[in-house]
1. Could you give each residue of region 222-229 its phi-based ³J(HN,Hα) in whole Hz, using Karplus coefficients 6.51, -1.76, 1.60 with θ = phi - 60°, and x for Gly or Pro?
2. So what's region 175-270 giving for Cα Rg divided by 2.2 N^0.38 Å, two decimals?
3. Could you work out the per residue convex hull volume over the alpha carbons of region 172-212, in cubic angstrom?
4. Could you order peptides 111-119, 143-151, 46-54 by the average number of other Cβ atoms within 10 Å of their residues, highest first?
5. Over 24 Å between C-alpha atoms is what I'm after, so list which of Lys61/Lys87; Lys165/Lys195; Lys76/Lys96; Lys155/Lys197 land there.
6. Principal axis extents for region 142-230, Cα atoms only, whole Å, descending order, please.
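Bear in mind that the values in this text are calculations on the coordinates, not laboratory data. Please read all numbers here as calculations on a predicted model, not as lab measurements. FYI the Cβ positions are ideal-geometry reconstructions off the backbone, even for glycines, and counts take in every protein chain you see.
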Amino acid sequence: MKRNAAIVGLALLVLSLSACSRAASMKGDSAPVSGHHEHHESKSSSIQGMWRINPEIPTPKSNTRIQFMAHGPDGKLVTQFAMMHEKLLHLIVVSKDLSYFNHIHPEYDGEGLFTIDTTFPFGGEYRLFAEFQPEGGGSVVSRQAIMLSGMAEPKPLLPDKTLTKSTEREQITLTYDQLAAGKETNLTFHIADAKTKKPANNLEPYLGAAGHVVIISGDSEQYIHVHPDDAKSQDAAPVFHAAFPSPGIYKVWGQFARDGRLITVSYTLQVLT
Ligand SMILES: [Cu+2]
């Protein structure tokens, strides 16, 4: 590890884990757990994530190295990770205004260190969320705020007026049962072929699931990652079971695979009390 690699800080997050969703609130290094409680709940363990960003203040559009390590409750470096959806660690990168989203997979050196080189599209504040599962423990999300040089005007986050979105070759409509804080809801992504308007019957698994959904609150404090409820999912309409912890604006990204392409679609929702 380079001596001058910036040790940006520690971020700690212990998650309340359920079979279909994870949610966390993190305002400091040992934020209380919020989330939705059902099925088995994993024991809280205190895992400390350590991030290194090089250069310490990245420049937009230029190469930036992100490194991550985790220390267990005993202070020892965690070196054994369980596979979660085909990867040992999932890294979600968003701009603080949530206009930019990236889901990437750092490489593991087998000895505790994850590394990825990436670029950021514009200046200002970003949030990093690393999701991983130490062998024998529950799933953990560790987060880090970073600041890039140059300021980009944050884009206002406004609830969508239409929940039908176009991707390269699809038209995707989001439906839900209800959007009330703390209440569980089913989010259904109805994926149609853009030309035929018929349900897209040739979706492929993406990272070991029919799809992945990441939800982040407008203040970027709440992070939720859910996978489809297979029992309810039809081929072209995967259903995700989620709960929004508090009222406010949330951005929801759905990721699916079709014809060897990764489809990412996003919605901005207003959750009521
Ligand atoms: Cu991933």
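1. In residue order, the calculated couplings are 9, 10, 9, 10, 10, 10, x, 7 Hz.
2. Working it through for region 175-270, the quotient is 1.07.
3. In region 172-212, the Cα convex hull volume per residue is 86 Å³.
4. Put in order of decreasing packing, that is 46-54, 143-151, 111-119.
5. Violating the 24 Å limit, Cα to Cα: Lys61/Lys87; Lys76/Lys96; Lys155/Lys197.
6. Here the spans come out as 44, 31, 29 Å, largest first.
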